[in-house]
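Structure record follows, encoded as structure tokens.
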Amino acid sequence: MFPKYFEFFNSVKINAGENALEGLPSELNRLNVSKPFIITDEGIVKVGLLDIVLSGFNDSDIVIGAIYDKVPPDSSIEVVNEAARIYKEQNCDCIIAVGGGSVIDSAKGMNIVISENTNDIVKFAGHDRIKNFQQPLIVIPTTSGTGSEVTLVAVVADKQKDKKMLFTSSKLLPSVAVIDPRMTMSLPPVLTAATGMDALTHAIEAYTCLQKNPISDAYAYSAIKTVSENLINVIEDGKDAQGRLELAVASTSAGIAFSNSMVGAVHAIGHTVGAIAHIHHGMAMSILLPHVMEYNQNTVGNLYAKLLLPLAGAEVYSSTPKEERSQASINFIKEMNKQINTICGMSITLKNAGVSEEKLQEIANKSLNDGAMVVNPVDLNTDDVMSVLKKAY
Amino acid sequence: MIKTEVISKKSIFKNAVVAVGFYALGRGTESTSKFNSNLKGELKAWEEGYLILLKVAPSGKELWLQKSGESMKWIGKQSKEADLIVVFKNLDTAFKIITTLSNVHTAFVQNRIMVYGDVSQSMVLIRILNIVQSYLFPPFLSKHVLKRVPKFSFAQHMGRIRVYTTGLLFGY
């Protein structure tokens, strides 16, 4: 159904493909900046990805103002404040984030601290509280999953209060996203699978949740098709550069989709599973996706039916009776999970992933407080979430 | 002809409807919080004195609620900042929600509502307001407002009568 009203915004310039990193000096020039602050984590440095990024500045006049590689697995207020302090001390004029979701969130968080000239980022938690335009931010993602390079969201943990703060504002959108296949070539099979399924979940939820709109649908549909066509191949052959690039672009497309149409119960429950049971976000998405789809099926089965085409291809779509297509889409995802499990051992049940059964009730209670629940097409209460968790267990 | 200093019109009718709606919501929340066990359960997430503000931008119609003991109180305008602020981006949005032409989750997905504060606490508020609205609106209206319309027991029907009488008059 065409929405009566919707909003769509994406201002990120996307440079994607071969030697995209070599375009960095030119992008800095376009943005009228010259002293970047690079934020990353130790893992990225260790595997040599930062060296590849730095090589992009060869033969240019750019002087890197500072390199900060102490971002932990979850961004925090302490990291954000420390990075912002060094940024100001070194008189940097733009931020380059090299890494996954946590690095990108840290970059967005430090940007808030700098641009709002604050030492209390908590004041800006929530929606549209950021008033000042941000420092130029270039994001170079090293996974093909979060889509954070094109989203208006940042999550920063307040470790003292043991809670995660959500910041949403169109001002948090990066200036540029640089998608270079070299950045994901060294991603191991399990992480490739997990982040790929995260991207697929973003796209499917963006296509089927209440905030969907025709423009985000186009991005989501493209992402679903590309992930389905490439993920298994790339898990099997990590050196497939073309496949890596297509997955990375699919992740970006899915990011644009869900940045504008939100995600639903898979993420609401998955965030809580990750927070309580400490399992990888992408793995949680992969496990929960088919079960939440089955829960939602009575309401949005028509949309799942449409998705059989990008998921499984034209032949399967046309040979599947119309009334069976919704379930066929769900079965396709279950089969995909099984294939991934066979190839790289990624868990396909919560139990196998290490979630203890005693934790399920706590997960069910707390997932209702995740903002993503609002846009799920079907209302869930604690009992409903428990039923999904038990099926996924 | 060139006009300058053009002052925008104010909609007296919509402002009046929103004022009445906020009154009903304030009294309804006070009343429902005194007897509904689910609502009382949700309130446990908030500390004593937790302050909530619903406001309409830019006209400024406001509804202030505060947790007091095991229930909610409708209080007057406060000088301190609320813990959780929900802003209807314009009068039209607030009017449509109050008259059931739209609802909170639709307004949210259309980006017509802003939330300042902890998003997880806003989910508690949404559930509380859903409970209150299920009492304020009869079923033929609440199906336009709520994602899931609860089936009321006899006791809950009595609760609805209470809200419509002493609730709306005195907040009891």
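The values are calculated or read from the model by the stated rules, or taken from the named source; none is laboratory data. Since this is a predicted model, take the numbers as computed values, not measurements. FYI the Cβ positions are ideal-geometry reconstructions off the backbone, even for glycines, and counts take in every protein chain you see.
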Exercise. For residues that are of a type in the set (A, V, I, L, M) and part of a strand (DSSP E or B), scanning just the range B:95-121, find the one that is farthest from the other protein chains (Cβ to nearest Cβ).
Key: B:Ile113
Quiz prompt | Which numbered condition B:Ser79 fails, given (1) among the polar types (S, T, N, Q); (2) in contact with a strand residue (DSSP E or B) (Cβ under 9 Å, 6 or more places away or on another chain); (3) under 21 Å from A:Lys123 (Cα atoms) | solution = (2)
Quiz item: Residue check: is B:Ile75 over 18 Å from B:Ile98 (Cα atoms) and out of contact with any Phe, Trp or Tyr (no Cβ under 8 Å at 6 or more places or on another chain)?
Solution: no
Quiz item: Where residues in the range A:1-17 are more than 15 Å from A:Ser259 (Cβ to Cβ) and within 14 Å of chain B (Cβ to nearest Cβ), which of them is surrounded by the most Cβ atoms within 10 Å (Cβ to Cβ)?
Solution: A:Pro3
Quiz item: Would you call B:His144 within 12 Å of chain A (Cβ to nearest Cβ), of a type outside the set (Val, Ile, Thr), within 17 Å of A:Pro377 (Cβ to Cβ) and in contact (Cβ under 8 Å) with a residue 24 or more places away in the chain?
Solution: no
Quiz item: Of these, B:Lys67, B:Lys80, B:Lys73, which one is more than 25 Å from A:Pro377 (Cα to Cα) and outside any strand (DSSP E or B)?
Solution: B:Lys80
Exercise. Would you mind finding the one in A:Ile276, A:Ile340, A:Ile287 that is closer than 27 Å to A:Gly371 by Cβ, in contact with a helix residue (DSSP H, G or I) (Cβ under 7 Å, 6 or more places away or on another chain), in contact (Cβ under 8 Å) with a residue 12 or more places away in the chain and surrounded by 19 or more Cβ atoms within 10 Å (Cβ to Cβ)?
Key: A:Ile287
Practice problem: For the range A:151-174, indicate whether the set of residues that are free of Cβ contacts under 8 Å to residues at least 12 places away in the same chain, under 28 Å from A:Phe8 (Cα atoms) and of a type in the set (D, E, K, R) is non-empty. | Solution: no
Practice problem: Inspect all residues belonging to the range A:361-369 and state whether any of them is loosely packed, with under 15 Cβ neighbours inside 10 Å, in contact (Cβ under 8 Å) with a residue 60 or more places away in the chain and of a type in the set (Ser, Thr, Tyr). | Solution: no
Practice problem: Look through B:Lys3, B:Lys80 and report the one residue that is farther than 22 Å from B:Ile113 by Cα, surrounded by fewer than 14 Cβ atoms within 10 Å (Cβ to Cβ), out of contact with any Lys or Arg (no Cβ under 7 Å at 6 or more places or on another chain) and modelled with pLDDT under 95. | Solution: B:Lys3
Quiz item: Among the residues of the range A:37-48, is there at least one that is more than 19 Å from A:Ser144 (Cα to Cα), at pLDDT 95 or above and buried (at least 18 other Cβ atoms within 10 Å of the Cβ)?
Solution: yes
Quiz item: Counting just the residues of the range A:341-369 that are small (Gly, Ala, Ser) and assigned to a helix (DSSP H, G or I), which one comes out farthest from A:Ser259 (Cα to Cα)?
Solution: A:Ala364
Quiz item: Among the residues of the range A:370-386, is any assigned to a helix (DSSP H, G or I) and more than 14 Å from chain B (Cβ to nearest Cβ)?
Solution: yes
Quiz item: Of the residues that make up the range A:321-340, is at least one over 29 Å from B:Ile113 (Cβ atoms) and touching an Asp or Glu at 6+ places or on another chain (Cβ under 9 Å)?
Solution: yes
Quiz item: In the range B:91-135, what residues are among the charged types (D, E, K, R) and either closer than 18 Å to B:Lys61 by Cβ or surrounded by 21 or more Cβ atoms within 10 Å (Cβ to Cβ) (or both)?
Solution: B:Asp92, B:Lys96, B:Arg112, B:Asp118
